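Structure, as structure tokens:
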């Protein structure tokens with residue numbers, strides 16, 4: 001069979017698997033509910049890990065087993081975040097409502113810690129390293145330079161973009177008290193998403209699809225993972241805007257072999273979003 005056709009078939013298969021893991025069994029807005037959801041997750045996770053271990057024995061399918069295992073890692077991390085009620089425990093301890101800046105920050109910090117540590121532990125179990133996740137080595141200096149420049153640009157335009165997301169009556173005196181909660185949110189969200197999407201999958205997919213298709217097949221589930229957001233009145237426009245951003249974050253990681261630049265860029269773009277959310281609440 002023609003190599004181009006094979007690559008297209010791989011792209012379609014990986015895309016379907018990505019949509020199943022990140023959209024159908026999302027930890028934020030899952031498409032299934034109740035028993036169907038958790039039973040489906042158990043079957044999916046078990047199937048992914050078993051399939052990975054079976055094909056691991058075939059030297060010709062080495063890249064494939066690592067990819068399947070990575071999907072299993074992501075699915076497990078999201079399941080833990082969804083079903084472990086640790087956020088409720090923290091909100092109870094601090095006597096904080098979930099619809100306050102502090103409550104939202106606690107929720108995001110808890111979710112990010114669960115996802116990141118789950119990924120790090122399971123990646124280690126599979127024989128992976130921090131380098132495999134783009135967390136170590138690579139051209140970190142170049143990555144950080146790009147990320148810092150992008151972050152500064154995002155901060156500069158945050159006021160205007162936040163208004164596009166529905167924020168009204170913004171002022172420094174109103175926003176300054178939110179800064180600690182904004183930082184917790186953007187750091188947690190950007191880091192867990194960059195590790196879960198770019199870090200986990202870029203190196204494992206590139207030998208199969210090449211750089212361009214790898215970036216695209218990660219970006220599509222990432223964008224659709226955000227379907228149903230309530231912090232914008234034009235969700236479709238938001239998703240269309242998110243696609244080139246996702247491709248840019250992947251491109252930076254690929255070019256520098258580091259996710260720190262894409263993390264900073266991603267964190268910067270989250271600033272107007274969380275400002276708009278806080279502005280509506282308070």
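Each value in this text was obtained by applying a stated rule to the coordinates, not by laboratory testing. From a predicted model like this one, the values you see are computed outputs, not experimental measurements. Glycine also receives a Cβ, built like all others from the backbone with ideal geometry; neighbour counts cover every protein chain displayed.
Seen from every direction in turn and averaged, the convex hull around the alpha carbons of the range 3-281 projects onto 15.2 nm².
Across the chain, the mean sequence separation of Cα contacts (distance under 8 Å, 6 or more residues apart), normalised by length, yields a relative contact order of 27 percent.
Computed from Cα atoms, the angle from the helix 211-224 axis to the main principal axis of the chain rounds to 50 degrees.
In this structure, residue 3 and residue 255 have a Cβ-Cβ separation that, at R0 = 22 Å, corresponds to a calculated FRET efficiency of about 0.30. Compared with the dominant principal axis of the Cα atoms in the chain, helix 62-83 is inclined by about 40°.
Full extension of the chain segment joining residue 169 with residue 241 gains 23.5 nm, where the gain is 0.36 nm per residue of separation less the Cα-Cα distance.
The range 142-168 and the range 242-267 have Cα centres separated by 14 Å. The angle between the Cα long axis of helix 260-281 and the longest principal axis of the Cα atoms of the chain comes to about 40 degrees, rounded to the nearest 10. On a C-alpha basis, how far is the centre of the range 179-214 from the centre of the range 38-96 in Å? Whole number, if you could? Distance between centres, Cα-based: 16 Å.
Relative protection proxy for 212-224, 265-277, from highest mean packing down: 265-277, 212-224 (other beta-carbon atoms within 10 angstrom).
PRE reach from residue 80 (point 7 Å along Cα→Cβ): which of the range 32-51 fall under 16 Å by backbone N? Counting only backbone N, you get 42, 45-46, 49.
What is the packing order of peptides 103-116, 26-39, 168-181, 239-252, taking the mean over residues of other C-beta atoms within 10 Å and listing the highest first? Working shown, then result.
Values: 103-116: 20.4, 26-39: 13.6, 168-181: 12.0, 239-252: 18.6.
Packing order, densest peptide first, comes out as 103-116, 239-252, 26-39, 168-181.
For the range 1-81, the fraction of alpha-carbon pairs lying more than 15 Å apart is 60 percent, rounded to a whole number.
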